[in-house]
Amino acid sequence: MGRGVFTLEALEADVLIEISPVVVLGEQERILLDQTLLHHYIFEWGDDRKACCVALGYVSIYNHSFESNCEYEMDFESQMIRVKTVRAVAAGEELFINYNGDWND
């Protein structure tokens, strides 16, 4: 079975689920990471998206959906990623983010 993030209780829309600190890696380190299994767990980082980051919370194990129930926001200055719900979520439901950008894109 794969990894994923699930809620134990029902959540309303616009609930902050997680604030995850990140470790930022430069462009050269990203080139190396892209050749490893960690490629699947990193996020592009910075306005030019040449760097990457590793999230230290659960952020790296949220699964992808084009109809996600959560969205993430990158805070480059604070080096954090925030995850919040975009709709009501039932207890036991898996939490998804859209890997391709906006939650509803």
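The values are calculated or read from the model by the stated rules, or taken from the named source; none is laboratory data. None of the values given here were measured: they were computed from a predicted structure. Virtual Cβ from ideal backbone geometry, glycine too; neighbours counted across all protein chains shown.
Here His64 meets each of (1) in contact with a His (Cβ under 9 Å, 6 or more places away or on another chain); (2) surrounded by fewer than 14 Cβ atoms within 10 Å (Cβ to Cβ); (3) not aliphatic (A, V, I, L, M) with one exception, condition (1).
Count of segment 4-29 residues, restricted to those that are surrounded by fewer than 14 Cβ atoms within 10 Å (Cβ to Cβ), part of a strand (DSSP E or B) and in contact with a Lys or Arg (Cβ under 8 Å, 6 or more places away or on another chain), is 1.
Among the conditions (1) in contact with a Leu (Cβ under 8 Å, 6 or more places away or on another chain); (2) more than 16 Å from Asn98 (Cα to Cα); (3) hydrophobic (A, V, I, L, M, F, W, C); (4) modelled with pLDDT of 95 or more, Phe6 misses just one, which is (2). Among the residues of segment 1-45, those that are of a type in the set (Gly, Ala, Ser) and in contact with a helix residue (DSSP H, G or I) (Cβ under 7 Å, 6 or more places away or on another chain) comprise Gly4, Ser20.
Selection of segment 69-79 for residues being under 19 Å from Ile42 (Cβ atoms) and in contact with a Lys or Arg (Cβ under 9 Å, 6 or more places away or on another chain) yields Cys70, Glu71, Tyr72, Glu73, Met74, Asp75.
Here segment 75-92 is the region considered, the condition is being buried (at least 20 other Cβ atoms within 10 Å of the Cβ) and aliphatic (A, V, I, L, M), and the residue that is nearest to Phe6 (Cα to Cα) is Val89. Within segment 66-94, residues that are of a type in the set (Gly, Ala, Ser) reach partners that are not in a strand (DSSP E or B) with beta carbons closer than 6 Å, at six or more positions or on different chains, in the pairs Ser68/Asn98; Ser68/Trp103; Ala88/Glu12; Ala88/Ala13; Ala90/Ala10; Ala91/Glu9; Ala91/Ala10. Looking only at segment 35-83, residues that are out of contact with any Pro (no Cβ under 9 Å at 6 or more places or on another chain), over 20 Å from Leu11 (Cβ atoms) and either part of a strand (DSSP E or B) or not acidic (Asp, Glu) (or both) come to 23 in all. Here Leu32, Leu56, Leu95, Leu37 are screened, and the one residue that is touching a Cys at 6+ places or on another chain (Cβ under 7 Å), among the hydrophobic types (A, V, I, L, M, F, W, C) and either loosely packed, with under 11 Cβ neighbours inside 10 Å or on the phi < 0 side of the Ramachandran plot (or both) is Leu95.
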